[in-house]
Amino acid sequence: MIGWLWAEPPQLLRVAANYSAKIVCSNVFLAGRDPQEVLRSDIQSTGNPVLRLMRVSLVRERGLVRAGLFGLIGDGLAEYRAGAGCAALPDGKLHAGADAALVRTAAQDTAPMLAKPGAAAGTGATAIDSLTWPDGETVATDANLDHLVGDDGLAGPGVRAIVVVHRGRIVAERYTAGFSATTPLLGWSMTKTVTAGLIGLLVKDGRLSLEQSAGWPAGPGDARDRITIADLLAMSSGLHFDEAYGALSDVTRMLYLESDMAGFARAQPLDHPVGAVWSYSSGTAVILARIFQDAAGDNGLSFVRERLFAPLGMRSATIETDAHGTLVGSSYMYAVARDWARYGQFLLQGGVWHGQSLLPSGYVNMMVTPVAASSGQYGHGQVWLWGSAAEKPGENPDEAYGLPGDTFWMEGHDGQSIAVIPSREFVIVRLGLTPSSSRYRPQPLVQALLRAVT
């Protein structure tokens, strides 16, 4: 039996092994965390019986992490690539252009980068950090608000970081043991909203149009050529995609068994007429990322840094790629909590930063316009208009907590959330490892903070 599993591991074991390798790799090389601590707290502690039996090994100087059941079964492999984070390698093929010395240098530089997020010698980072956030890293918090975010009942189980921004300044902040203002954290599906922003940058440049074809060639009996970029942004492409987690599904297959994630997502057939049905799909976000990269040129990585992260001061942020080189725009952005807050503030300001419009006029308004087929819970630009999942179909949990009607959210797997409330000038970031089984909701925390500030 063991020999059969070793020779031909079931796909679910391969998913678990590649997931374990990928999560450990990212947290070691991007966040500077201890690999065995990541294995224990981020993978084995989830309660999944297969993940509890995962073991990992690290070749730090080569940027490689291997994982498997008992360390032997599943062939999990992930590779760190300088500037692009970690990629799961389900086909086992290492990056052809990888240079061991480059990987070694990047790994050795992790500690100083984390001390001053994203900074390198000679950049004047110390002077920048002395400025008040968001231009630098100096903050002055309110003791009463710090007390609220320090309430474990409001913060929820597994919380790792909370940052509260009011009127453009950080007014409360919390980090739990093992994490700090310099620890990049995974946003999971909050990455989708960043991908929507990247599309907006190219729309402003005139290199993309929301109404242009998303790139399927016309063919007899195939209506996918009618899909537009706007349909993808609104999760209304009609493409088949199973978003179930915890089992072998389209999303887990895409993330951990496919080297070319965009190719996998694009190959899906239509389940519904284009534009007629709202269906949440990580596959469509990865397709958008590929469209962005093809239009941006130079594989898009320098564009992301120079046109979005640098202007906003998001020096810690990395959107990771798959083995094929496509940005995993559905799921894999790491950034310190303050940088996630910068992006939330950017949206609150309508895509304007220091008086400069980075996004087209009205683009953020488009993003938060409800998709009719979503029953009002999702916007046309990869944002949630209701925070957290509703208990009942059609129920808006924000209303139950009296949150302002213009509240919108970035949300991600395992309890990641950013609430953006333009009418009250609030951005509230909450990051952690909080499985949906805990039934945690961020609205009580947001409600308490709004009530504390008149």
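What the table shows:
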| read-out | value |
| --- | --- |
| Residue in segment 391-410 that is within 23 Å of Arg315 (Cα to Cα) and either of a type outside the set (D, E, K, R) or buried (at least 24 other Cβ atoms within 10 Å of the Cβ) (or both) present | yes |
| Near pairs, Cβ below 6 angstrom, 6+ apart or cross-chain, from segment 49-75 (in the same structural domain as Val28 (by TED's automatic domain parsing)) to any residue that is of a type in the set (D, E, K, R) and part of a helix (DSSP H, G or I) | Glu61/Arg104; Gly74/Arg14 |
| Yes/no for Val352 being surrounded by fewer than 22 Cβ atoms within 10 Å (Cβ to Cβ) and touching a Gly at 6+ places or on another chain (Cβ under 7 Å) | no |
| Test: residue in segment 281-297 that is in contact with a Phe, Trp or Tyr (Cβ under 9 Å, 6 or more places away or on another chain), modelled with pLDDT under 95 and either among the acidic types (Asp, Glu) or more than 14 Å from Ala234 (Cα to Cα) (or both) | yes |
| Residue list for segment 283-314, restricted to those being over 16 Å from the mean Cα position of the chain (by Cα) and not in a helix (DSSP H, G or I) | Gly297, Gly313 |
| Segment 387-399 residues that are among the charged types (D, E, K, R), paired with ones that are at pLDDT below 75 (beta carbon under 6 Å, 6 or more apart) | none |
| So Val352, is it within 26 Å of Leu94 (Cβ to Cβ), of a type in the set (Val, Ile, Thr) and out of contact with any strand residue (DSSP E or B) (no Cβ under 7 Å at 6 or more places or on another chain) | no |
| Where a residue in segment 233-248 is within 18 Å of Met190 (Cβ to Cβ) and its partner, wherever it lies, is among the β-branched types (Val, Ile, Thr) and not in a helix (DSSP H, G or I), with Cβ under 8 Å and at least six apart | Ala234/Val371; Met235/Val371 |
| Of residues in segment 221-245 being assigned to a loop (DSSP other than H, G, I, E, B) and of a type in the set (Gly, Ala, Ser), the one modelled with the lowest pLDDT | Gly221 |
| Any hit, segment 48-56, residues being under 21 Å from the mean Cα position of the chain (by Cα) and closer than 16 Å to Gly71 by Cβ | no |
| All strands (runs of 3 or more DSSP E) inside segment 47-158 with 1 or more residues being modelled with pLDDT of 90 or more and exposed (fewer than 14 other Cβ atoms within 10 Å of the Cβ) | 54-59 |
| Residues (among the charged types (D, E, K, R), part of a loop (DSSP other than H, G, I, E, B) and surrounded by fewer than 20 Cβ atoms within 10 Å (Cβ to Cβ)) located in segment 246-265 | Asp260 |
| First in segment 430-448 and closer than 11 Å to Gln416 by Cβ and among the basic types (Lys, Arg), second anywhere and at pLDDT 95 or above and surrounded by 22 or more Cβ atoms within 10 Å (Cβ to Cβ), Cβ under 6 Å, 6 or more apart | Arg430/Ile162; Arg430/Ser417; Arg430/Pro442 |
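The values are calculated or read from the model by the stated rules, or taken from the named source; none is laboratory data. Predicted model only: the values in this text are computed from it and were never measured. Here the Cβ is made from the backbone with ideal geometry for all residues, glycine too, and neighbour counts use every protein chain on show.
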